[in-house]
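Step one of this worksheet: look at the structure below.
Please treat every number below as a calculation from the coordinates, not as lab data. Note that the structure is a prediction, hence the values are computed from the model and not measured. Methodologically, a virtual Cβ is constructed for each residue, glycine included, from the backbone with ideal geometry; neighbour enumeration extends over all protein chains shown.
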Amino acid sequence: MKTFCSSIIASLFFLTACSKKESAENSYFFDYEQVVGWSSIQLEKGFARSGKYCERITPDKVYSNTFILPLAETGKQNLKKIIASVWVTGPEVQQDLKLVIDMYSPTENKSVKNVYMPIPVADMQGKGKWIEYKTELDIADILDGSVIAKVYVWNPGAQKFFVDDFRISFE
């Protein structure tokens, strides 16, 4: 009986560990700490939402750092949607920013589906704090694994602001 109970407990532990691992494989997190010294990203030290670093977006930079991944590399079949979130702050922002999820087909050489979620200026004005923005895109109809998911913040008004803690998940 003791061996039977031990087997059940071991099986439950294994199943729990696997479900956490699968979830982690389809979720990506980027907090800018891992690019210090390696990237041309404009880092801001000491102003981050978490950790020490965030990305500084300036008027001469139209896009934030971009997440790029072919759907086939997510390791998951029958994807239904992509969920993206980012933390943003910017005391000098005058025009809305956009959190973008873009599905790009290299075989068609064009975007096949996208969402441009407005990040309203009114949320940031005078608050001086980090605010999280989320959006999602239904991709159930995209069956081609070579389609590339791109996620970034777009700066159409050429403004100064900061981004941190991108999270992208595939469901």
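Assorted remarks:
- D31 long-range amide H proximity, modeled H, under 5 Å: none
- Listed residue pairs exceeding 26 Å between alpha carbons, taken from K76/K150; K45/K98; K129/K160; K52/K113: K52/K113
- Nonlocal amide H pairs with Q42, under 5 Å, H built at 1.01 Å: R56
- As a proxy for reagent exposure, S64, S50 were ordered by neighbouring Cβ count within 10 angstrom, fewest first; the result is S50, S64.
- For F162, F67, F29, order by how many other beta-carbon atoms lie within 10 Å, fewest first: F29, F67, F162
- Summed residue charge, Cβ within 12 Å of D102's Cβ, Lys/Arg positive, Asp/Glu negative: +4
- 3J(HN,Hα) along region 140-152, derived from phi through the Karplus expression 6.51 cos²θ - 1.76 cosθ + 1.60 where θ = phi - 60°, amounts to 4, 8, 9, 9, 7, x, 7, 5, 9, 8, 10, 9, 6 Hz, with x in place of Gly and Pro.
- Pairs of Cα atoms farther than 25 Å apart, region 27-170, %: 28
- Fully extended contour minus Cα-Cα distance, from Y63 to L143, at 0.36 nm per residue: 26.0 nm
- Cut-off under 5 Å, modelled amide H: who pairs with I139 long-range: K81, I82
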